[in-house]
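Report on one structure; see the data block that follows.
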Amino acid sequence: MYKSGNPSVSKNPPVAYVSQDHWIQNTSLRNNILFGRVMDEIVYQKVLNASQLSRDMQSLPEGDLTDIGERGINLSGGQKARVSIARALYATANC
């Protein structure tokens, strides 16, 4: 039910784009998500859960420190999509 009054609406909400062609760097899974941003462990864990990457990391030999091959060669298509989604979530989390 809508309450009368002044609802809080942001005029400039954070926006991130996730392409269908997933762009993965030849670096660790963590670096692909952080993308040069400072690590915030709490936000990072929330992003991993929201993007469903927590389970994937259990199957990787070094978890999020596993090096991802060029163009994500050692990830499935779904994993590449989840990494891209995690990157977008992390980028907009601190806005």
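Okay, here's what the table says:
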quantity	calculated
Selection count, the range 12-52, where residues are of a type in the set (S, T, N, Q), assigned to a loop (DSSP other than H, G, I, E, B) and touching a residue at least 12 places away in the same chain (Cβ under 8 Å)	6
Tabulated pairs, the range 77-95, first under 12 Å from Leu34 (Cβ atoms), second modelled with pLDDT under 90 and among the β-branched types (Val, Ile, Thr), C-beta under 7 angstrom, 6+ apart or interchain	Val83/Ile24
Selection status of Ser84, of a type in the set (S, T, N, Q), over 13 Å from Trp23 (Cα atoms) and crowded, with 18+ Cβ neighbours inside 10 Å	no
Qualifying residue in the range 7-19 (condition: open to solvent by less than 70 Å² (accessible area, probe 1.4 Å), within 13 Å of the chain's Cα centre (by Cα) and at pLDDT 80 or above)	no
Residue, farthest from the chain's Cα centre (by Cα), within the range 53-76, restricted to residues that are touching a residue at least 40 places away in the same chain (Cβ under 8 Å) and either open to solvent by less than 100 Å² (accessible area, probe 1.4 Å) or over 20 Å from Asp21 (Cβ atoms) (or both)	Gly69
Checklist (1) buried (at least 16 other Cβ atoms within 10 Å of the Cβ); (2) within 13 Å of the chain's Cα centre (by Cα) applied to Met39, failing item	(1)
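The values are calculated or read from the model by the stated rules, or taken from the named source; none is laboratory data. Every value quoted in this text rests on a predicted model; they were computed, and no experiment measured them. Here the Cβ is made from the backbone with ideal geometry for all residues, glycine too, and neighbour counts use every protein chain on show. Note: areas computed on protein heavy atoms with side chains; ligands, DNA, RNA excluded. Shrake-Rupley method; radii C 1.70, N 1.55, O 1.52, S 1.80 Å.
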